[in-house]
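Report on the following structure.
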Amino acid sequence: MTWILANLGLIGDLMLVHLRLSLIPVVVSILVAVPLGRLAHRVGWLRGGVLSVVGLLYTIPSLALITLLPPLLGTPVLSDVNVLVALGLYGVALLTRSVADAFDAVDADVVRSAMAVGCTPLRRFWTVELPLAVPVIVAGTRVVAVSTVSLVTVGALVGSRNLGSLFTDGLQRGIVPEIVAGIVATVVLALVLDLVIAAVGRALTPWARVSGTSGAARRASRRRAHRAEVPGTAAEDAVTGGGAA
């Protein structure tokens, strides 16, 4: 605890660096995975190949990939670019399938209705299909974000400065509180990022909250109707205040 209190500034700085190294791959993953997932959804014969290729990317060990990237990209071994590219690839691998499934889940009747009223393909995508796919895409993005925050720590093994540095330094110097601080800070960062993405998802889909409330109201109405049809329940509701199950 003494070590943690004496190094709060260092932990805070590393959390900011870790956040930056996490956010960039997540954003890149969304920008790449949405078109790829859309392509897999629209072009049936490409779906298997696209999803198989991006799925294989996630099977490559993270440390091996980060080590192989410098000669391929022409970047310095200790550059953060290697970590960002590796994590971006992993994010795309995770998110592309979720995006394809999200567009698959869009009601075909809704799409046909949009076509019937004269929506162009581009307008139909932005105003109908993408908004309806957002909940599933957000769920996939939350998985990518948490996974990315965790994988960033691996970069410390190849010289990238982040919360993983607390693990490596703590192990080398035998300072257990430093290791614990790194673990706790990483978990907190992952939780905060997950909550932020969930909040953004709710803000982008206000109709989901309305439909959820309407659904609850309909269920309550059906329960009240059922009670009215069953002898004795109406009198019981009058005594108990009836109905909220």
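When you scan the range 12-22, how many residues do you find that are surrounded by fewer than 15 Cβ atoms within 10 Å (Cβ to Cβ) and under 19 Å from L191 (Cβ atoms)?
Adding up the residues that qualify gives 3.
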remark   = Among P76, P35, the single one that is closer than 21 Å to A156 by Cβ and not small (G, A, S) is P76
Residues located in the range 191-210, provided they are without any contact (Cβ under 8 Å) to a residue 40 or more places away in the chain and either open to solvent by less than 40 Å² (accessible area, probe 1.4 Å) or over 23 Å from S62 (Cα atoms) (or both) = V192, L195, V196, A199, R202, A203, P206, W207, R209, V210
message = Yes or no: the range 170-190 includes at least one residue that is modelled with pLDDT under 90, part of a helix (DSSP H, G or I), of a type in the set (G, A, S) and surrounded by 15 or more Cβ atoms within 10 Å (Cβ to Cβ).
response = yes
The range 137-166: number of residues that are more than 22 Å from T75 (Cα to Cα) and open to solvent by 50 Å² or more (accessible area, probe 1.4 Å) = 5
L166 of a type outside the set (S, T, N, Q) and in contact with an Asp or Glu (Cβ under 9 Å, 6 or more places away or on another chain) = yes
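Evaluate the following for G9: is it closer than 30 Å to L130 by Cα and surrounded by fewer than 17 Cβ atoms within 10 Å (Cβ to Cβ)?
Working: closer than 30 Å to L130 by Cα: no; surrounded by fewer than 17 Cβ atoms within 10 Å (Cβ to Cβ): yes.
So G9 does not fit the description; no.
The values are calculated or read from the model by the stated rules, or taken from the named source; none is laboratory data. Owing to the predicted nature of the structure, the values given are computational and were not obtained by experimental measurement. So basically every Cβ, Gly included, is an ideal-geometry build from the backbone, and we count neighbours across all protein chains shown. These area figures cover heavy atoms from the full protein model, side chains too; ligands, DNA and RNA do not enter into them. Shrake-Rupley method; radii C 1.70, N 1.55, O 1.52, S 1.80 Å.
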